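Reading through the structure tokens given below for one structure.
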């Protein structure tokens, strides 16, 4: 079983003025490790400018449709791809892992402690009915990333 995790498409956040007029908030990072960028899948550094935006992370026609506030580095231009490994951003945090089937129904969930992201994702994807795992910050509840079963799985 293989999986992939990708940062969000930076083009979705390129028009800063449009995002601000739609309710996004510009913030300056004031402490390390507290502003995870969903495009770069890295923590923004103190002094950097980030946008706090509402993001629909589960755009499904089920009761599990979900949106929440996320941070995006202002000017983020590259979304990394990880294959069969969780980004360090995830491994440093306590996570809520939520496993969904192909139509967007929640089928399983677990909590992963720091250092357990990869094992937690793999454990959920061992069930062949699980199409993807949405990774959320356990404390704040915000969406961090999606781990999708790879095409060759």
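The values are calculated or read from the model by the stated rules, or taken from the named source; none is laboratory data. This one's a predicted model, so the numbers in the text were calculated from it and none came from an experiment. Note that each Cβ is placed from the backbone with ideal geometry, even for glycine, and that neighbours are counted across all protein chains shown.
This table checks each residue for (1) surrounded by 15 or more Cβ atoms within 10 Å (Cβ to Cβ); (2) assigned to a loop (DSSP other than H, G, I, E, B); (3) out of contact with any helix residue (DSSP H, G or I) (no Cβ under 7 Å at 6 or more places or on another chain).
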position: 99; (1), (2), (3): yes, no, no
position: 102; (1), (2), (3): no, yes, yes
position: 115; (1), (2), (3): no, yes, no
position: 119; (1), (2), (3): no, no, yes
position: 123; (1), (2), (3): yes, no, yes
position: 130; (1), (2), (3): yes, yes, no
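Identify all residues within region 132-153 that are out of contact with any helix residue (DSSP H, G or I) (no Cβ under 9 Å at 6 or more places or on another chain) and in a loop (DSSP other than H, G, I, E, B); write none if there are none. 138, 139, 140, 141, 142, 150, 151, 152 - these are the residues of region 132-153 that are out of contact with any helix residue (DSSP H, G or I) (no Cβ under 9 Å at 6 or more places or on another chain) and in a loop (DSSP other than H, G, I, E, B). In region 78-87, the qualifying residues are those that are modelled with pLDDT of 95 or more and in a loop (DSSP other than H, G, I, E, B), and the one that is farthest from residue 124 (Cα to Cα) is 79. Among the residues of region 34-54, those identified as closer than 16 Å to residue 24 by Cβ and over 10 Å from the mean Cα position of the chain (by Cα) are 35, 44, 48, 49, 50, 51, 52, 53, 54.
Just one residue in the set 52, 90, 19 is within 19 Å of residue 125 (Cβ to Cβ), in contact with a strand residue (DSSP E or B) (Cβ under 9 Å, 6 or more places away or on another chain) and not in a loop (DSSP other than H, G, I, E, B); that residue is 90. Within region 22-44, the residues that satisfy the criterion of being within 16 Å of residue 78 (Cβ to Cβ) and either assigned to a loop (DSSP other than H, G, I, E, B) or out of contact with any strand residue (DSSP E or B) (no Cβ under 7 Å at 6 or more places or on another chain) (or both) are 38, 39, 40, 41, 42, 44. Against the definition (part of a loop (DSSP other than H, G, I, E, B), free of Cβ contacts under 8 Å to residues at least 12 places away in the same chain, loosely packed, with under 15 Cβ neighbours inside 10 Å and not assigned by TED's automatic domain parsing to the domain that holds residue 129), how does residue 63 come out, yes or no? The answer is yes for residue 63. Being buried (at least 20 other Cβ atoms within 10 Å of the Cβ) and either more than 12 Å from residue 146 (Cβ to Cβ) or in contact (Cβ under 8 Å) with a residue 40 or more places away in the chain (or both) holds for only one residue in 95, 52, and it is 95.
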